[in-house]
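The values are calculated or read from the model by the stated rules, or taken from the named source; none is laboratory data. Everything numeric here is computed off the predicted structure, so don't read it as measured data. Note that each Cβ is placed from the backbone with ideal geometry, even for glycine, and that neighbours are counted across all protein chains shown. Side chains are part of the model used for accessible areas, which takes the heavy atoms of the whole protein and leaves out ligands, DNA and RNA. Shrake-Rupley method; radii C 1.70, N 1.55, O 1.52, S 1.80 Å.
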Amino acid sequence: MIEFATHPDRYRHWRLELRPPVATLVMDVEETGGLAPGYELKLNSYDLGVDIELADAVQRLRFEHPDIRAVVLTSAKDKVFCAGANIRMLASSTHHHKVNFCKFTNETRNAIEDATAHSGQTWIAALNGAASGGGYELALACDRILLVDDGASAVAFPELPLLAVLPGTGGLTRVVDKRHVRRDLADVFATKAEGVYGRQALEWGLVDEVVPRSRFEEIVRERALEIATAHDRRAGERGIEWPPLTRRVAADSMSYPHVDARFDRELRAAFVTIAAPGSDEPHDAATIQAAGAGWWPLAVARALDDLVLHLRFNEPEIGSVVWRSEGDLAAVAAVDDALLTLADHWLVRETQLYWRRTLKRFDVTSRSLFALVEPGSCFTGMLAELVLGADRSYMLDGTVEGDDRPAPELLLTDANFGPYPMPNGLSRLESRCFGRDDALGKIGQRRGERLDAGEAEELGLVTFAPDDIDWDDEIRIALEERAGFSPDALTGMEANHRFVGPETPESKIFARLSAWQNWIFQRPNAAGPEGALRRYGTGTRPVYDHERV
């Protein structure tokens, strides 16, 4: 089983150096430290294990070290920054692993950009040597790129000419959408295996600065301090401890504080229940800070984040996620209100941003998402996002015979109108009502009201509202039907339906680019016995089918 929990004390591939207000994250990949046997991680090439440590460092810097305002990303290897994803690893991995590896890597890159944009931690790539493929894609996630000017160090995307695949962790998109490299120059760059050096890389917009090797470390430090001291983020913010996640794992279940997941192998579904906070949950800045990682919304975000990664890598046959909730709706609403009213507090802000990233993980995960609003449910505000983001949602109309709990209610708050956008830049409500402004307006008028099943169905907030006579059968039939469909076709359908409207760099990376890369990874030109991934480094040229399809 692949685990995503780690700690700087256990890093094998990175070194985190803290000198507030600047942190330096040094890439020093252990060649024999691959996640699986059969390949060596030479030249700072990476696999999922390397990226798990990077993701942990990004997260820890945000929660444990809010006084850090600039992060320098560099390498300990002589004249090598990073050679990108390890080719032997890609060639030997299953399609399932390759796809989820690329997805996780993309999300880590996005977290770096999110930290720069929203957390006051600006990332700077200090390329002390060649940055190739995923190595340059990692640099592209940073806000600023400095390249050593030594006549030998280049930035490169060799995937297409050498491997018959794409720079699939956002590279193509970030070059043109983020760095605004002219498309004809981007075309040359992506087909030039040796890459682009020094001054030409600067002229084309591939880097921001080229620096002589003799002054490289000095200039990097100067730029980091300039950025850190120019920030308006308050100095002296005190971080929280980021303890190991509390989790119990069994054959057919996983449980965390406030979150329980049960796996139904026959239905190929995970039933995930989120429990509301208790009445003693803190709602002021001081007690929230004292609660730290135990604060309810942060603890739930950590649990859901771990769960979605576990499902992707360790439970590939679980095809549906069914959301449930239980507890006091008002208790969730009170936490929701604290997240909005105390948004200037660093920990509250980071928690809300973490929720945003976690919800997006589910948006781009190849699972059918269902939501069940039942008696005892507490779907409001931030938890209501799970209902609004579901592919289908069911809300019980009325009560259940023999159950003295009242009929379920759904409550929308300000949290549902912007703070948690999807990868397309729209809120889940805007995506749900895309092109129907009148419907969105009617929903907005009911903000803050408790809605019963009939009202929620009429407003378009849930898909169906069966009564207790039909409830069990409708849910069972829907999940049985889902389990009988082609998972590949479902993935394609759901991705098309979820991301309506405008396209953003983020949605392009996870939709257009990912779709093409997934297809290319299965084609014989890349992955076949005579394909480029298999023959790379053997001295034998790949054999291509040259038909365009």
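A few notes on this one:
- Checking V322, V308, V348, V400 one by one, the residue that is touching a residue at least 60 places away in the same chain (Cβ under 8 Å) and either of a type in the set (D, E, K, R) or within 25 Å of F485 (Cβ to Cβ) (or both) is V322 and no other.
- The stretch 9-24, residues that are of a type outside the set (S, T, Y), within 23 Å of F101 (Cα to Cα) and in contact with an Asp or Glu (Cβ under 8 Å, 6 or more places away or on another chain): R12, H13, W14, R15
- Checking S214 against (1) surrounded by 12 or more Cβ atoms within 10 Å (Cβ to Cβ); (2) polar (S, T, N, Q); (3) within 18 Å of I145 (Cα to Cα), the condition it does not meet: (1)
- Flag for L347 being of a type outside the set (G, A, S), more than 19 Å from the chain's Cα centre (by Cα) and surrounded by 20 or more Cβ atoms within 10 Å (Cβ to Cβ): yes
- Residue count, the stretch 490-536 (criterion: more than 23 Å from the chain's Cα centre (by Cα) and either more than 18 Å from K98 (Cβ to Cβ) or of a type in the set (A, V, I, L, M) (or both)): 5
- Matching residues in the stretch 393-429 - criterion: being surrounded by fewer than 20 Cβ atoms within 10 Å (Cβ to Cβ) and not in a loop (DSSP other than H, G, I, E, B): D414, F417
- For the stretch 496-510, a residue qualifies if it is part of a helix (DSSP H, G or I) and in contact (Cβ under 8 Å) with a residue 24 or more places away in the chain, and the qualifying residues are H497, R498, P505, E506, S507, K508, I509, F510.
- So T108, is it of a type in the set (S, T, Y), touching a helix residue (DSSP H, G or I) at 6+ places or on another chain (Cβ under 7 Å), part of a helix (DSSP H, G or I) and surrounded by fewer than 23 Cβ atoms within 10 Å (Cβ to Cβ): yes
- Close Cβ contacts (under 6 Å, 6 or more residues apart or on different chains) running from residues in the stretch 49-60 that are at pLDDT 95 or above to residues that are open to solvent by 10 Å² or more (accessible area, probe 1.4 Å) and assigned to a helix (DSSP H, G or I) comprise V58/A111.
- Applying the criterion of at least 3 residues that are touching a residue at least 12 places away in the same chain (Cβ under 8 Å) and in contact with a Lys or Arg (Cβ under 9 Å, 6 or more places away or on another chain) to the helices (runs of 4 or more DSSP H) found wholly in the stretch 168-264 leaves 216-230.
- Residue in the stretch 118-125 that is in contact (Cβ under 8 Å) with a residue 40 or more places away in the chain and more than 22 Å from P423 (Cα to Cα) present: yes
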